[in-house]
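*Asks:* Below you will find the structure I want to go over with you.
The values are calculated or read from the model by the stated rules, or taken from the named source; none is laboratory data. Predicted, not measured: the structure shown is a model, and the values here were computed from it. Neighbour counts are summed over all protein chains in view; Cβ atoms, including those assigned to glycine, are modelled from backbone coordinates with ideal geometry.
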Amino acid sequence: MRKLIICVAMVSLFLSKSIAQQLVVTPDGLRSTADTNNAFVVIAVDGVSATNLYNRSLTFIHDTYKNPDKVIKGKLENESITFEPFVEAFPIVKNSWAKMSINTTYTVELRFKDGKARYKIYNMEMVNADAPIYKAVFSGGLLSGYPIYNTKGKLLRPDTKKDIEEHFAKEIATLTEFLQKKAATDNW
């Protein structure tokens with residue numbers, strides 16, 4: 001029982017620290033949980049210049065991806081970085097009784113100002129790994145692939161929605177931790 005209470009307390013602490021830094025799946029795509037009008041989250045890193053956040057983000061990409069030069073699609077020095085990750089078998093889509101493995105490519109845009117980085121996802125393409133003509137989409141009719149929401153906004157695939165939200169929550173938390181931790185270790 002004590003372990004359960006500690007676990008719940010740790011999850012609550014994690015969620016309270018990162019709730020403003022999450023994306024939610026909507027029929028219109030990914031939106032900020034803090035303001036669903038925004039398709040981005042802001043990562044606060046107090047006391048760090050835009051130039052340092054830019055350099056730390058480049059280091060993060062180089063540390064995270066096997067071929068960072070292929071992943072990075074654009075850079076505007078000290079202002080923004082655009083990169084395109086590929087995630088195999090994410091998310092898993094349930095279609096009747098079958099589970100479909102989806103490969104996902106998306107574009108991340110990081111923009112920098114002193115003390116903060118803006119994290120935005122766009123051009124997210126979720127393609128069936130075995131039958132590339134079938135795609136998962138945020139909203140649509142059944143003939144449009146594997147819609148997460150139908151055309152009236154009703155949630156059809158809650159597990160897929162949850163997978164996507166958890167993936168980006170983890171990705172944002174990892175980037176945030178890296179940027180903040182890097183701030184503490186920069187003065188060697």
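*Asks:* Any residue at all in the stretch 122-130 that's of a type in the set (G, A, S) and either within 21 Å of E171 (Cα to Cα) or part of a strand (DSSP E or B) (or both)?
*Replies:* No: zero hits.
*Asks:* Can you confirm whether the stretch 79-94 contains a residue that is more than 23 Å from F40 (Cα to Cα), surrounded by 16 or more Cβ atoms within 10 Å (Cβ to Cβ) and either touching a residue at least 24 places away in the same chain (Cβ under 8 Å) or small (G, A, S) (or both)?
*Replies:* There is at least one residue in the stretch 79-94 that is more than 23 Å from F40 (Cα to Cα), surrounded by 16 or more Cβ atoms within 10 Å (Cβ to Cβ) and either touching a residue at least 24 places away in the same chain (Cβ under 8 Å) or small (G, A, S) (or both).
*Asks:* Tell me, please, whether a residue that is within 28 Å of L58 (Cβ to Cβ) and touching a Lys or Arg at 6+ places or on another chain (Cβ under 8 Å) can be found in the stretch 145-154.
*Replies:* No, the stretch 145-154 contains no residue that is within 28 Å of L58 (Cβ to Cβ) and touching a Lys or Arg at 6+ places or on another chain (Cβ under 8 Å).
*Asks:* Check the stretch 8-27 and report whether any residue there is modelled with pLDDT under 95, in a loop (DSSP other than H, G, I, E, B) and surrounded by fewer than 17 Cβ atoms within 10 Å (Cβ to Cβ).
*Replies:* No.
*Asks:* From the list E171, E165, which one is within 20 Å of the chain's Cα centre (by Cα), free of Cβ contacts under 8 Å to residues at least 40 places away in the same chain, within 30 Å of D46 (Cα to Cα) and part of a helix (DSSP H, G or I)?
*Replies:* When all the criteria are applied, what remains is E171.
*Asks:* Among the residues of the stretch 105-116, write down those that are in contact (Cβ under 8 Å) with a residue 24 or more places away in the chain and within 14 Å of the chain's Cα centre (by Cα).
*Replies:* T107, V108, E109, L110, listed by residue number.
*Asks:* Condition test on E177, is it acidic (D, E) and modelled with pLDDT of 95 or more?
*Replies:* no
*Asks:* Taking A136, is it of a type in the set (G, A, S), modelled with pLDDT of 85 or more and outside any strand (DSSP E or B)?
*Replies:* For A136, the condition - of a type in the set (G, A, S), modelled with pLDDT of 85 or more and outside any strand (DSSP E or B) - is not met.
*Asks:* Then there is this: In contact with a Ser or Thr (Cβ under 7 Å, 6 or more places away or on another chain), of a type in the set (D, E) and under 16 Å from E88 (Cβ atoms), is that true of E125?
*Replies:* yes
*Asks:* For the subset of the stretch 91-124 comprising residues that are at positive phi and among the small types (G, A, S), which member is modelled with the lowest pLDDT?
*Replies:* S96
*Asks:* Sticking with this one: Just to verify a result, which residue in the stretch 42-78, among those that are hydroxyl-bearing (S, T, Y) and more than 21 Å from N103 (Cβ to Cβ), is surrounded by the most Cβ atoms within 10 Å (Cβ to Cβ)?
*Replies:* That would be S57.
*Asks:* Can you pull out every residue in the stretch 59-104 that is in a loop (DSSP other than H, G, I, E, B) and either under 30 Å from L142 (Cα atoms) or in contact with a Ser or Thr (Cβ under 8 Å, 6 or more places away or on another chain) (or both)?
*Replies:* Result: N78, E84, P85, E88, A89, F90, P91, S96, W97.
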